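The values are calculated or read from the model by the stated rules, or taken from the named source; none is laboratory data. Worth saying up front: this structure is predicted, and the values here are computed from it rather than measured. Using ideal geometry, Cβ is built from the backbone for each residue, glycine included, and neighbour counts are taken over all protein chains shown. With ligands, DNA and RNA removed, areas are computed over all heavy atoms of the protein, side chains included. Shrake-Rupley method; radii C 1.70, N 1.55, O 1.52, S 1.80 Å.
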Amino acid sequence: MTQAYGWYGRADLRGDTAGIVSRGLAAVVDFLVATGLGLALELAAGCARMAFTGPPFKMPDLPGWATVLGGWVIAVLYLTAGWAMVGRTVGTGLMGLRVARRTGRPVKIPRALLRAVLCVTFPWGLLWVPFSRRDASLQDLLTSTAVRYDPP
(Lines give C-alpha, C1' and ligand atoms only; values in the text may rest on other atoms or scores of the structure.)
Protein backbone atom coordinates (compact mmCIF):
# COMPACT_ATOMS: atom_id res chain seq x y z
CA MET A 1 0.00 0.00 0.00
CA THR A 2 1.39 3.39 -0.93
CA GLN A 3 1.27 6.49 1.18
CA ALA A 4 0.14 9.67 -0.56
CA TYR A 5 1.93 13.00 -0.28
CA GLY A 6 -0.69 15.40 -1.63
CA TRP A 7 0.20 16.97 -4.94
CA TYR A 8 3.61 15.36 -4.93
CA GLY A 9 2.37 11.87 -5.71
CA ARG A 10 3.51 8.53 -4.38
CA ALA A 11 5.80 8.00 -1.43
CA ASP A 12 7.46 4.97 -3.01
CA LEU A 13 8.98 5.87 -6.34
CA ARG A 14 10.03 2.49 -7.66
CA GLY A 15 10.90 3.49 -11.21
CA ASP A 16 14.33 3.03 -12.71
CA THR A 17 16.79 5.85 -12.24
CA ALA A 18 17.03 8.13 -15.23
CA GLY A 19 20.04 8.12 -17.49
CA ILE A 20 22.04 11.00 -18.90
CA VAL A 21 20.08 11.39 -22.15
CA SER A 22 16.64 11.88 -20.60
CA ARG A 23 18.09 14.05 -17.84
CA GLY A 24 20.08 16.09 -20.34
CA LEU A 25 17.01 16.69 -22.52
CA ALA A 26 15.04 17.71 -19.43
CA ALA A 27 17.84 20.14 -18.51
CA VAL A 28 17.73 21.72 -21.98
CA VAL A 29 13.96 22.22 -21.71
CA ASP A 30 14.35 23.69 -18.22
CA PHE A 31 17.07 26.05 -19.50
CA LEU A 32 14.71 27.26 -22.21
CA VAL A 33 11.88 27.75 -19.70
CA ALA A 34 14.14 29.69 -17.31
CA THR A 35 15.37 31.82 -20.21
CA GLY A 36 11.76 32.52 -21.20
CA LEU A 37 10.96 33.54 -17.63
CA GLY A 38 13.93 35.92 -17.64
CA LEU A 39 12.85 37.48 -20.93
CA ALA A 40 9.28 37.83 -19.63
CA LEU A 41 10.59 39.67 -16.55
CA GLU A 42 12.66 42.00 -18.73
CA LEU A 43 9.63 42.66 -20.91
CA ALA A 44 7.54 43.39 -17.81
CA ALA A 45 10.20 45.79 -16.55
CA GLY A 46 10.19 47.56 -19.93
CA CYS A 47 6.40 47.84 -19.83
CA ALA A 48 6.52 49.21 -16.28
CA ARG A 49 9.13 51.77 -17.31
CA MET A 50 6.98 52.88 -20.23
CA ALA A 51 3.91 53.13 -17.97
CA PHE A 52 5.75 55.53 -15.65
CA THR A 53 7.88 57.51 -18.11
CA GLY A 54 5.81 57.29 -21.29
CA PRO A 55 6.83 56.22 -24.79
CA PRO A 56 9.02 55.02 -26.38
CA PHE A 57 9.17 51.46 -25.11
CA LYS A 58 12.68 50.47 -24.10
CA MET A 59 13.95 47.20 -22.62
CA PRO A 60 16.17 47.51 -19.54
CA ASP A 61 19.86 47.79 -20.34
CA LEU A 62 21.48 45.77 -17.57
CA PRO A 63 25.21 45.28 -17.15
CA GLY A 64 26.48 41.80 -18.00
CA TRP A 65 27.03 40.77 -14.38
CA ALA A 66 23.45 41.72 -13.47
CA THR A 67 22.06 39.70 -16.37
CA VAL A 68 24.09 36.63 -15.37
CA LEU A 69 23.17 36.98 -11.68
CA GLY A 70 19.50 37.52 -12.52
CA GLY A 71 19.45 34.48 -14.80
CA TRP A 72 21.12 32.39 -12.09
CA VAL A 73 18.54 33.48 -9.50
CA ILE A 74 15.61 32.81 -11.86
CA ALA A 75 16.92 29.33 -12.72
CA VAL A 76 17.53 28.43 -9.05
CA LEU A 77 14.07 29.63 -7.97
CA TYR A 78 12.39 27.84 -10.89
CA LEU A 79 14.09 24.50 -10.15
CA THR A 80 13.58 24.80 -6.39
CA ALA A 81 9.88 25.53 -6.75
CA GLY A 82 9.29 22.66 -9.16
CA TRP A 83 11.19 20.06 -7.17
CA ALA A 84 9.84 21.11 -3.77
CA MET A 85 6.20 21.50 -4.83
CA VAL A 86 5.60 18.59 -7.21
CA GLY A 87 8.95 16.88 -7.74
CA ARG A 88 9.03 17.98 -11.37
CA THR A 89 9.89 20.91 -13.54
CA VAL A 90 8.58 21.38 -17.06
CA GLY A 91 11.58 19.51 -18.47
CA THR A 92 11.41 16.56 -16.10
CA GLY A 93 7.65 16.39 -16.55
CA LEU A 94 8.00 16.17 -20.33
CA MET A 95 10.56 13.40 -19.96
CA GLY A 96 8.46 11.50 -17.40
CA LEU A 97 10.95 12.01 -14.58
CA ARG A 98 10.60 12.94 -10.93
CA VAL A 99 13.18 14.21 -8.44
CA ALA A 100 12.93 12.73 -4.94
CA ARG A 101 15.10 11.80 -2.02
CA ARG A 102 16.91 8.48 -2.40
CA THR A 103 14.28 6.93 -0.16
CA GLY A 104 11.54 8.01 -2.57
CA ARG A 105 10.15 10.65 -0.26
CA PRO A 106 9.48 14.18 -1.55
CA VAL A 107 12.26 16.75 -1.64
CA LYS A 108 11.66 19.59 0.81
CA ILE A 109 12.62 23.21 0.14
CA PRO A 110 16.11 23.25 1.75
CA ARG A 111 17.26 20.15 -0.15
CA ALA A 112 15.61 21.34 -3.37
CA LEU A 113 17.32 24.73 -3.00
CA LEU A 114 20.73 23.17 -2.42
CA ARG A 115 20.25 20.83 -5.38
CA ALA A 116 19.15 23.73 -7.60
CA VAL A 117 22.16 25.85 -6.60
CA LEU A 118 24.47 22.94 -7.40
CA CYS A 119 22.75 22.16 -10.71
CA VAL A 120 22.82 25.76 -11.94
CA THR A 121 26.34 26.52 -10.67
CA PHE A 122 27.94 23.21 -11.69
CA PRO A 123 25.87 21.78 -14.57
CA TRP A 124 28.70 19.49 -15.63
CA GLY A 125 27.97 17.38 -12.53
CA LEU A 126 25.42 15.67 -14.75
CA LEU A 127 28.31 14.09 -16.66
CA TRP A 128 28.92 11.76 -13.69
CA VAL A 129 25.68 9.85 -14.46
CA PRO A 130 27.19 7.32 -16.95
CA PHE A 131 29.96 6.47 -14.49
CA SER A 132 27.73 6.05 -11.44
CA ARG A 133 26.42 2.59 -10.52
CA ARG A 134 23.08 4.14 -9.54
CA ASP A 135 22.92 6.70 -12.38
CA ALA A 136 23.51 9.58 -9.96
CA SER A 137 24.85 12.99 -10.86
CA LEU A 138 27.28 14.71 -8.51
CA GLN A 139 24.35 16.86 -7.36
CA ASP A 140 22.41 13.69 -6.48
CA LEU A 141 25.34 12.34 -4.48
CA LEU A 142 25.74 15.59 -2.54
CA THR A 143 22.03 16.01 -1.77
CA SER A 144 20.97 12.35 -1.42
CA THR A 145 18.44 12.65 -4.23
CA ALA A 146 17.53 10.50 -7.21
CA VAL A 147 15.91 11.20 -10.56
CA ARG A 148 13.59 8.36 -11.52
CA TYR A 149 11.27 7.54 -14.37
CA ASP A 150 7.78 8.27 -13.08
CA PRO A 151 5.43 9.10 -15.96
CA PRO A 152 2.29 11.03 -15.04
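Overview of results
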{"item": "The listed residue being open to solvent by less than 90 Å² (accessible area, probe 1.4 Å) and touching a Phe, Trp or Tyr at 6+ places or on another chain (Cβ under 6 Å), out of Pro123, Pro130, Pro63, Pro106", "result": "Pro106"}
{"item": "Single unsatisfied condition, Gly87 versus (1) open to solvent by 40 Å² or more (accessible area, probe 1.4 Å); (2) farther than 18 Å from Val21 by Cα; (3) touching a strand residue (DSSP E or B) at 6+ places or on another chain (Cβ under 8 Å); (4) not aromatic (Phe, Trp, Tyr)", "result": "(1)"}
{"item": "Odd one out for Leu138 among (1) in contact with a Gly (Cβ under 6 Å, 6 or more places away or on another chain); (2) open to solvent by less than 50 Å² (accessible area, probe 1.4 Å); (3) among the aliphatic types (A, V, I, L, M)", "result": "(2)"}
{"item": "Single residue of Arg111, Arg133, Arg115 found to be in a loop (DSSP other than H, G, I, E, B) and charged (D, E, K, R)", "result": "Arg133"}
{"item": "Residue list for the stretch 29-60, filter: polar (S, T, N, Q) and either at positive phi or loosely packed, with under 12 Cβ neighbours inside 10 Å (or both)", "result": "Thr53"}
